Amino acid sequence: MAKGAGARDMTEGSPMKLIWGFFVPMVFGLLFQQLYNMADTIIVGKCLGVQALAAVGATGSINFMIIGFCLGVCSGFAIPVAQKFGEKNDSALRRFVANSGWLAAIFSVVMTSAVCVLCRDILLWMDTPADIIDGAYRYIFVIFLGIPATYLYNLLSCTIRSLGDSTTPLIFLLFSSVLNVALDFFTILVLNMGVAGAGWATITAQAVSGLLCLLYMRKKFTILKMQGDEWKPRKDYMKILCGMGIPMGLQYSITAIGSIMLQSANNALGSACVAAFTAGVRIKMFVISPFESLGMAMATYTGHNYGAVKPERIWQGIKVAAGLMLGYALFAFVVLMAGSDLLARLFIDPSQSEILAATRLFLHVASYFLPVLGLLCILRYTIQGAGYTNLAMLSGVSEMIARTAVSLWAVPALGYIAVCFGDPTAWIAADLFLVPAFVYVYGRLKRMTPPEKPIGGR
């Protein structure tokens, strides 16, 4: 099979070498992707002040709900591609890639129109403080205008990763992250665009990285060169893609609903708590990126070996991923416990002692539960890679219920300390669902034979 430059078959060879080789570029890729958000937050906090920082932070949950849906859909669309790559069915692979492009175009138009119209209403529903709601609206409206750019980059990068190449998206993200930082300074300090400038910087950089992915794929991946009518829309392929992508998108969005509830409960505590929560979340997201990277590596690894009908290699991969996860969890624990103050000062002026203390508390609580999150990522993405996206979505429901419970009852009673335990509670709830779900899925995988392999999800 002519795979094209950069493609890597993960059905043969050492699981440790394959997962590690895929994982490392993914780690750096997600870390630099987090820099999009961190650069906005740091520059906004330092250049525009605590109120502007709180305005950007107040949009975090709704941003995660909408943009997370985009990411989830794109990740789901890549699953049949990975499975067909492992199965060595080139024509079906190309049809899935083409139809995912058609669907992404439709989704981006519909979503951009809807969320831009409803943007302010959502912020009002979240009880965004009156002194920051205008800034929050200006920022998130621009981010939502960039949804097509979000789809462009994430769809293409997920497709490239599904073929076993996790290095190339990293290279493009390196470039676009530097571009994002430069544009932040230009739009905020030179053009005086305020928080909206940070939004424009982010979506412009993402659009550039998406175009770079497109140019690379056209030039390097011969396996993706369409033949005959492979590029045309097909209802049967779209149905399979939607069966994979929509549940994964909903998983992110459902999870985000709980985060929105938590954000809303925290918003009611005042701007100082919002600023501390903003800084804490940004730092936490950066620190936990390797867990997401490991999960995405397992999704591709599982998809390839699912297509090749090699369930025993999937279990071997689980054990390798668990070892890597525990090693990193210990490292991250030490970093957060020892360096939380230093990290918080990247966002917050040292004179803001109350906000710094609240940020430190948020990070210290999260650090104790990192292995729980690591297990969540490994199991959820493995289940997704095998095509059981509905089960993965239900784990998101577990997270939503847990965060909602904390928001409705714990935060009003206990205040900010309950906010700090919101995410760990959700992680535990998800694991309580995912462990038996994985046992069920792996039992099904062990009984697979080539004639019985389904083409799509369940």
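None of the figures in this text is laboratory data; all of them are computed from the coordinates on show. Computed from a predicted structure; not experimentally measured. Cβ sites come from the backbone with ideal geometry, for glycine too, and all protein chains shown count toward neighbours.
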Practice problem: Compute the acute angle (0 to 90°) between the alpha-carbon long axis of helix 422-446 and the principal axis of greatest extent of the alpha-carbon atoms of the chain; round to the nearest 10°. | Solution: 10 degrees
Quiz prompt | Helix-only [θ]222 nm of the chain, DSSP H runs n ≥ 4, -39500 (n - 2.57) each, per residue, nearest 500 | solution = -28000 deg cm²/dmol
Quiz item: Hey, what angle do you get for helix 271-307 against the long axis of the chain, alpha-carbon based, 0 to 90 degrees rounded to 10?
Solution: 0 degrees
Quiz prompt | Given [x] 63, 44, 34; [y] 70, 46, 35; [z] 70, 65, 42, the label whose value is Cα extents along the principal axes in Å derived from this model | solution = [x]
Quiz item: Treating the beta-carbon of each Lys and Arg as +1 and of each Asp and Glu as -1, no other charges, what is the dipole magnitude of segment 347-458 about its Cα centre, to the nearest 20 debye?
Solution: 660 debye
Practice problem: Return the long-range amide H neighbours of Gly164 (sequence gap of 5 or more, or a different chain), with a cut-off of under 5 Å between placed amide H atoms. | Solution: Arg8
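Taking only C-alpha pairs under 8 Å that are 6+ residues apart, what is the relative contact order of the chain in percent?
Reported as a whole number, the value is 26 percent.
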Quiz item: Any idea which of His364, Leu391, Ala418 is furthest toward the positive side of the dipole for segment 337-458, if Lys and Arg beta-carbons carry +1 and Asp and Glu beta-carbons -1?
Solution: Leu391
Quiz item: Once both axes come from the Cα atoms, what is the angle between helix 167-185 and the longest principal axis of the chain, in degrees from 0 to 90, rounded to 10?
Solution: 20 degrees
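Report the calculated FRET efficiency for Trp409 and Leu215 (r = Cβ-Cβ distance, R0 = 51 Å), to the nearest 0.05.
For Trp409 and Leu215, the calculated efficiency is 0.50.
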Quiz item: Within segment 27-452, how many Lys pairs sit with Cα atoms under 22 Å apart, leaving out pairs fewer than 8 places apart on the same chain?
Solution: 22
